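Here the structure comes first, spelled out in structure tokens, and everything after it is commentary.
The values are calculated or read from the model by the stated rules, or taken from the named source; none is laboratory data. What you see is a predicted model; the values in this text were computed from it and never measured. Here the Cβ positions follow ideal geometry from the backbone for every residue, glycine too, while neighbour counts run over all protein chains shown. The area values use the complete protein model at the heavy-atom level, side chains included, leaving out ligands, DNA and RNA. Shrake-Rupley method; radii C 1.70, N 1.55, O 1.52, S 1.80 Å.
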Amino acid sequence: MSVTAARGFLASAVSAGLKESGDPDLALVVNRGPSRAAAGVFTSNRVQAAPVRWSRRVLADGRISAVVLNSGGANACTGPGGAEDARAMAQRTARAVDAAVDEVAVCSTGLIGVRLPMGRVAAGIAAAADRLSPEGGEDAAVAIKTTDSVHKTAVAAGAGWTVGGMAKGAGMLAPGLATMLVVLTTDADAGAGLLDSALREAVRTTFDRVDSDGCMSTNDTVLLLASGASGVTPEPAELTAAVHAVCRDLALQLVADAEGASKEIEVAVVGAASEADAVEVGRSVARNNLLKCALHGEDPNWGRVLSAIGTTSAVFDADRLDVAINGVWVCRDGAEGESREKVDLSERRIAITVDLRSGDAGAVIWTNDLTAEYVHENSAYSS
């Protein structure tokens, strides 16, 4: 159920001493081939961590042989020294696993603005290389956690081939991407071009539709590696569907584990004039802190949904808006609909449907409620 579910991949994890807790904090994922094709999607934040800049360059030729990941430090906003540290991580990993340095991606997560203790990192890479195993995927998923309460893995099976993946993320979840490190693997025989198109299409409607707190990170990275070990070349649509399934599974796990959340909220916008309109409305609703607080208090305050819709540039008639909360159409034609007393918000999952009645397009955004625990999580320590 992780990055080693696909044939041709090894993984491992160690405690390198980057976390004060002593928990695992450094992982390796290695592609033993025969193919080394790869693709990646990165944060759209203009402030980008050194590992993101390094990995972008590595992916220029569409090949990755190994990924080194660490928690306990983001290596972001660390200047020229941080860039050298990212390069050094790639160099040491390349030597340890017998790979070309320009085929090693680097991913880091943790506190921004602090250099990594490179002596510990170097020793951790050497130790992790000695532990590489086809069963090491779960350990790797645990090692990349920061404020995550659980590790996150997923898998989808094709006809003789597999897509597996792991992710970390629990806060700073917003479009472009969520604050995440994600490594996906497949033993399908697919070139870099197909991997790139499949990954971008999957990310567009999964990770880019997660909007927990409106904050965008500096380190977000999603990588897709193909070993070709199955010898099977799937149809492009089949591969895209499998990659999408794994990305969607992981994205929903991110929302479920969002810092302090007590509600998982799906905002489905239908009847939009365009997909762009649907996404804009969905994100506005998902980011409305008044609504998020109301849902935490189990108050079906549909007026806050309409207020959020009204801040967008989407095409709609305010007197034709319909809103349902958990299947109850509490707003019809921009005014009171069914009794809000019918809405049961006692369960963890909440579904909001917004019908703009302006077209045939739609989109889904996933978010969570705003809680005192979230405030505590992000005020009690630096992250």
Selection status of Pro51, in a loop (DSSP other than H, G, I, E, B) and either crowded, with 21+ Cβ neighbours inside 10 Å or out of contact with any strand residue (DSSP E or B) (no Cβ under 8 Å at 6 or more places or on another chain) (or both):
no
Within the stretch 24-45, track down each residue that is more than 26 Å from Trp161 (Cα to Cα), open to solvent by 10 Å² or more (accessible area, probe 1.4 Å) and either small (Gly, Ala, Ser) or modelled with pLDDT of 95 or more (or both).
Pro24, Ser44
Quick test of your reading of the structure: Thr240 fulfils all but one of (1) in contact with a helix residue (DSSP H, G or I) (Cβ under 9 Å, 6 or more places away or on another chain); (2) in a helix (DSSP H, G or I); (3) under 28 Å from Asn288 (Cα atoms); (4) open to solvent by 20 Å² or more (accessible area, probe 1.4 Å). Name the failing condition by number.
(3)
Being farther than 17 Å from Thr185 by Cα, acidic (Asp, Glu), in contact (Cβ under 8 Å) with a residue 60 or more places away in the chain and touching a Lys or Arg at 6+ places or on another chain (Cβ under 9 Å): is that true of Glu275 here?
no
Among Leu290, Leu254, Leu306, the single one that is of a type in the set (A, V, I, L, M), more than 23 Å from Val203 (Cα to Cα) and touching a strand residue (DSSP E or B) at 6+ places or on another chain (Cβ under 9 Å) is Leu306
Please enumerate the residues belonging to the stretch 337-356 that are out of contact with any Lys or Arg (no Cβ under 9 Å at 6 or more places or on another chain), touching a residue at least 40 places away in the same chain (Cβ under 8 Å) and open to solvent by 50 Å² or more (accessible area, probe 1.4 Å).
Arg340, Ser346
Please go through the stretch 142-167 and give me each residue that is closer than 23 Å to Ser108 by Cα, among the hydroxyl-bearing types (Ser, Thr, Tyr) and open to solvent by less than 40 Å² (accessible area, probe 1.4 Å), ordered by number.
Thr147, Thr153
Just one listed residue, out of Ala192, Ala229, Ala178, is surrounded by fewer than 21 Cβ atoms within 10 Å (Cβ to Cβ) and either out of contact with any Pro (no Cβ under 6 Å at 6 or more places or on another chain) or at pLDDT 90 or above (or both), and it is Ala192
Within the stretch 63-80, can you find the residues that are in a loop (DSSP other than H, G, I, E, B) and either buried (at least 16 other Cβ atoms within 10 Å of the Cβ) or of a type in the set (S, T, N, Q) (or both)?
Ile64, Ser65, Ser71, Gly72, Ala74, Asn75, Ala76, Thr78
The condition from (1) open to solvent by less than 40 Å² (accessible area, probe 1.4 Å); (2) among the aromatic types (Phe, Trp, Tyr); (3) in a helix (DSSP H, G or I) that Tyr374 misses is numbered (1)
Residue that is modelled with the highest pLDDT, among those in the stretch 81-131 that are polar (S, T, N, Q) and not in a helix (DSSP H, G or I)
Ser108
